[in-house]
Amino acid sequence: MEKTNTQTNHLNSDDSGGQKTGMERRTFFKYAGAGAAILGLVGSSCKKSAGNSPVNKNTVDLGSGDTGILNYAYALEQLEAAFYTQVIAAPYTGITAAETAILTDIRDHEIAHRAFYKAALGSGALAALVADFSQINFADRTNVLDAAKGFEDLGVAAYNGIAYLIQDAVNLTIVAKIVSVEARHSAAIRNILTTGTASPFSTFADATVIQPSALNNVANPYNGLEVSRLPSQVLPTVNQYITVNLTATKLP
Amino acid sequence: MNIFNILEEIEKADPDFRDRINPRRAAIKNITSFGSKVAVAALPFAMGTIFQKAYGQTLPQSVTDILNFALKLEFLESAFYTQGLAAKSLVPTGGDTTAITTMSTQEKAHVVFLQTTLGSSAILQTTQGTNGTYDFTAGGLFSTVFTNYDTFLAVANGFEDTGVRAYKGQVPGLIGNQTVLTAALSIHSVEARHAATIRQLRSLRPAGPATIKPWITGANDTGNANLFNNYVGEDNVIQDNITITSLNALNGTVAVNAATEAFDEPLTLAQVLSLVTPFGVK
């Protein structure tokens with residue numbers, strides 16, 4: 001773990017799966033919990049999240065059209081792949097065999113997604129991103145699983161929210177093939193989080209991600225539908241975990 | 001429930017919403033103002049009316065067909081969970097009941113959403129099965145569906161994964177229709193959450209398939225041969241002409257299992273209908 005913490009590697013260098021976690025352990029703990037809180041905020045509110053002002057970060061724009069959208073997806077998958085790579089490289093205290101199996105599978109799915117987008121985008125691919133997970137305490141189970149839940153929910157909402165702008169049917173189908181897997185991830189992690197609690201299986205499709213579905217609320221036309229978000233609502237969160245400032249000036 | 005938020009959300013999802021209903025803008029204003037005075041019970045009707053005015057009259061036939069196809073599947077799933085929860089001593093109390101109840105409620109909500117969107121074009125539930133009653137044994141294939149919880153979960157497993165595949169297959173037909181495409185995908189991901197959870201419930205059953213995961217590994221991984229056709233093509237490892245198993249992963253290339261699990265595959269309308277016809281879907 002010490003070794004990983006001093007590495008600074010590109011997120012999508014598949015042979016390394018590295019990331020920047022060069023922070024002192026003290027600082028690490030100072031920020032522990034903040035990451036979950038930020039992700040939680042995004043996950044539970046339909047309002048546009050307040051943009052955080054990036055300090056001394058280079059700006060990278062995702063571009064326009066299907067290429068811009070696939071690069072947006074590529075950025076999300078880079079973030080997720082790097083996150084789970086770190087989770088498995090330095091498992092949290094008390095991780096069970098079942099949890100390891102689930103999280104390892106998810107890591108491998110996200111790596112496959114990342115590799116796919118990189119190959120599909122070819123020379124149009126975004127440069128490799130460098131992650132900054134200094135807000136996440138990888139030794140703490142709740143912190144890690146909350147962050148995982150936040151990343152997955154964010155990914156599903158992002159895919160659902162951008163799909164309507166995709167022009168090419170093949171690209172649209174690919175995105176649909178991937179978003180349902182991200183939703184499976186979210187459900188699996190949420191079910192892990194409620195295992196052994198007083199309310200098992202109570203959050204896999206709860207009101208933080210699904211519009212209220214009580215039948216006395218049929219007036220809500222989005223009853224039972226998952227929330228979706230635009231890049232402008234997703235990127236402020238993504239930017240908290242990478243070393244550049246991603247923008248989507250040609251996307252909504 | 002906050003009707004002002006709803007209108008705001010609609011505008012967010014569909015910037016043209018105000019334009020669509022422009023001639024009746026004054027009426028909308030009236031509805032929002034009476035919302036604060038009139039009984040909440042009156043609102044469903046009012047919202048349904050707004051939606052029909054905004055979308056119902058302008059839906060192309062191809063989109064109506066897709067939504068009615070989705071409605072047939074939601075009718076099926078909704079009836080399935082309702083019957084399952086009503087069956088004596090079928091669904092164990094605790095996490096199982098919590099999960100199945102959530103799914104039941106959300107499938108019902110999907111039915112209402114699709115009916116509202118389709119308006120008068122919506123098919124009636126009574127056109128399905130025998131006067132609206134399904135055969136959840138599929139002609140005896142799943143004869144213990146409401147007496148044996150493992151059989152019930154296996155059928156649920158098939159329904160949910162097939163639902164995900166069905167919505168996915170219709171997505172290309174909705175290109176360019178922001179409202180309906182986004183709505184379809186927003187139901188699609190909920191079905192995927194259900195599917196993953198059903199799979200996790202099955203993995204915890206003493207008689208459940210030992211190796212089942214929240215995601216689909218290879219082709220039929222459900223441990224039930226009667227579901228074979230529901231998983232045709234799920235073992236695909238080539239996406240957009242790119243062979244996923246040839247791409248670099250942490251150690252070597254992406255493994256076959258990961259390559260199949262990482263991408264859920266679509267089914268055509270005809271494929272789905274052939275899978276659900278034995279239950280009474282028409």
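The values are calculated or read from the model by the stated rules, or taken from the named source; none is laboratory data. None of the values given here were measured: they were computed from a predicted structure. FYI the Cβ positions are ideal-geometry reconstructions off the backbone, even for glycines, and counts take in every protein chain you see. Each accessible area value is taken on the protein alone, full model and side chains, heavy atoms only, with ligands, DNA and RNA left out. Shrake-Rupley method; radii C 1.70, N 1.55, O 1.52, S 1.80 Å.
Yes or no: A:PHE201 more than 7 Å from chain B (Cβ to nearest Cβ) and at pLDDT 95 or above? So that I can check it myself, show each step before the final result.
Details: more than 7 Å from chain B (Cβ to nearest Cβ): no; at pLDDT 95 or above: yes.
No, not satisfied.
What number goes with the only condition from (1) facing chain A (nearest Cβ under 9 Å); (2) under 18 Å from the mean Cα position of the chain (by Cα) that B:ASP240 does not pass?
Against the list (1) facing chain A (nearest Cβ under 9 Å); (2) under 18 Å from the mean Cα position of the chain (by Cα), B:ASP240 comes up short only on (2).
Is region B:244-257 home to any residue that is in the same structural domain as B:ARG165 (by TED's automatic domain parsing) and under 19 Å from B:LYS168 (Cβ atoms)?
Scanning region B:244-257 turns up no residue that is in the same structural domain as B:ARG165 (by TED's automatic domain parsing) and under 19 Å from B:LYS168 (Cβ atoms).
Being in a helix (DSSP H, G or I) and either among the charged types (D, E, K, R) or over 19 Å from B:ASP240 (Cα atoms) (or both) is the filter here; which residues of region A:100-133 pass it?
Listed by number, the residues that qualify are A:THR100, A:ALA101, A:ILE102, A:LEU103, A:THR104, A:ASP105, A:ILE106, A:ARG107, A:ASP108, A:GLU110, A:ARG114, A:LYS118.
Could you grab me the full set of residues in region A:134-165 that are assigned to a loop (DSSP other than H, G, I, E, B) and surrounded by fewer than 24 Cβ atoms within 10 Å (Cβ to Cβ)?
A:SER134, A:GLN135, A:ASN137, A:PHE138, A:ALA139, A:ASP140, listed by residue number.
Within region B:103-110, can one find any residue that is more than 13 Å from the chain's Cα centre (by Cα), within 17 Å of B:VAL272 (Cβ to Cβ) and either open to solvent by less than 40 Å² (accessible area, probe 1.4 Å) or at pLDDT 95 or above (or both)?
Initially, region B:103-110 is screened for residues more than 13 Å from the chain's Cα centre (by Cα), giving none.
Within region B:103-110, not a single residue is more than 13 Å from the chain's Cα centre (by Cα), within 17 Å of B:VAL272 (Cβ to Cβ) and either open to solvent by less than 40 Å² (accessible area, probe 1.4 Å) or at pLDDT 95 or above (or both).
Please find, within region B:177-193, the residue that is most open to solvent (accessible area, probe 1.4 Å) out of those that are in contact (Cβ under 8 Å) with a residue 40 or more places away in the chain and within 7 Å of chain A (Cβ to nearest Cβ).
B:GLN178
Could you list all residues from region B:84-117 that are free of Cβ contacts under 8 Å to residues at least 60 places away in the same chain, at the interface with chain A (Cβ under 7 Å from one of its Cβ atoms) and more than 21 Å from A:ALA198 (Cβ to Cβ)?
Scanning region B:84-117 gives B:LYS108, B:ALA109, B:VAL112.
Residues of region B:82-98 being outside any loop (DSSP other than H, G, I, E, B), open to solvent by less than 30 Å² (accessible area, probe 1.4 Å) and closer than 16 Å to B:ASP135 by Cβ, which ones?
B:GLY84
Applying the selection to region A:86-97, what residues are open to solvent by 20 Å² or more (accessible area, probe 1.4 Å), in a helix (DSSP H, G or I) and touching a residue at least 12 places away in the same chain (Cβ under 8 Å)?
A:ILE88, A:ALA89, listed by residue number.
From the list B:ASP161, B:ASP235, B:ASP264, pick out the single residue that is more than 11 Å from every other protein chain (Cβ to nearest Cβ), of a type in the set (Asp, Glu) and either in contact with a Ser or Thr (Cβ under 7 Å, 6 or more places away or on another chain) or surrounded by 24 or more Cβ atoms within 10 Å (Cβ to Cβ) (or both). Give the derivation first.
On the way: B:ASP161 fails: more than 11 Å from every other protein chain (Cβ to nearest Cβ); B:ASP264 fails: more than 11 Å from every other protein chain (Cβ to nearest Cβ).
Just a single option satisfies the conditions, and that option is B:ASP235.
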